[in-house]
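Computed from the coordinates by the stated procedures, all read-outs in this text should not be read as laboratory data. Only a predicted model underlies this, so the values are computations on that prediction, with no experimental measurement involved. All Cβ positions, glycine included, derive from the backbone under ideal geometry; neighbour counts span all protein chains shown.
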Amino acid sequence: ERLRTGYSRAQALKAVNSLMLACAGEDVFATLDLCLLDLYEGRATLDKLGACTSFLLRGDECEAFEADALPLGMLPDVQSCSRQIELETGDLIVMMTDGVADAIPGGMEGVRQAILSARAQEPRALCRSLIERALRAQRGAAGDDMTVMCVRIVPTGARERRRAP
């Protein structure tokens, strides 16, 4: 698996980690939540370094993927938690920052239930729904960054067919 730059995931993570460690004397670190989709092989690879729990919604099941790896820039060796998922049509991958996850009442189970309750929505609407729920719980004021990304796996041409009259 190579990124567009020609580097493998492991090489890219090591390079970024080395750059962050080179910022001597500063506390410089960053969480990483990486999802690489291989639509030809029908698989996703998730890498996590200090990042919030991600979810795979398949039908009526919502599976959490969490990792205990430290963020980039903390240690000389990068040890990401990686997971491969064989994708199926209709799968929805949901990734978010901890600002969203921590704000939704009920912890990770509350987040899981929020995803399940909005699962029929298009990915953009689901993202908006999760952020609005988090903001309501914070009385409209975000206490931390709030970002949500959703990807639904659909067959080639499905978007074009849906828009046709």
Hey, if you put +1 on the Cβ of every Lys and Arg and -1 on every Asp and Glu Cβ in the stretch 61-133, which of 123, 97, 71 ends up farthest toward the positive end of that dipole?
-> 123
What is the ratio of the Cα radius of gyration of the stretch 104-148 to 2.2 N^0.38 Å, where N is its residue count, to two decimals?
-> 1.09
Asserting the computed 222 nm helical MRE of the chain (DSSP H runs at least 4 long, -39500 (n - 2.57) per run, divided by residue count, to nearest 500) equals -9000 deg cm²/dmol
For residue 121, what charge total do you get from the other residues with a beta carbon under 14 Å from its beta carbon, if Lys and Arg give +1 and Asp and Glu give -1?
-> +3
Placing one equal point scatterer on each C-alpha of the stretch 12-160 and summing with Debye, one gets log10 I(q)/I(0) at q = 0.11, 0.18 Å⁻¹ equal to -0.47, -1.08
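By the scheme Lys and Arg +1, Asp and Glu -1, what is the net charge of all other residues having a beta-carbon under 10 Å from that of residue 85? Write out the running numbers ahead of the final one.
Details: positive: 43, 58, 83; negative: 63, 86, 88, 91.
Value of the local net charge: -1.
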Report, in debye and to the nearest 20, how large the dipole of the chain comes out about its Cα centre when Lys and Arg carry +1 and Asp and Glu carry -1 on their Cβ.
-> 800 debye
Computed ³J(HN,Hα) along the stretch 10-22: with the Karplus parameters 6.51/-1.76/1.60, θ = phi - 60°, integer Hz and x for glycine or proline, the list is 4, 5, 5, 5, 5, 5, 5, 4, 4, 4, 5, 5, 5
Any chance you could list P(r) for the stretch 50-119, counting all Cα-Cα pairs in 10 angstrom bins from zero, rounded to whole %?
-> 18, 45, 28, 8, 0
Could you give the Stokes-Einstein D for the stretch 38-83 in µm² per second, using the C-alpha Kirkwood radius, 10 °C, 1.306 mPa s?
-> 131 µm²/s
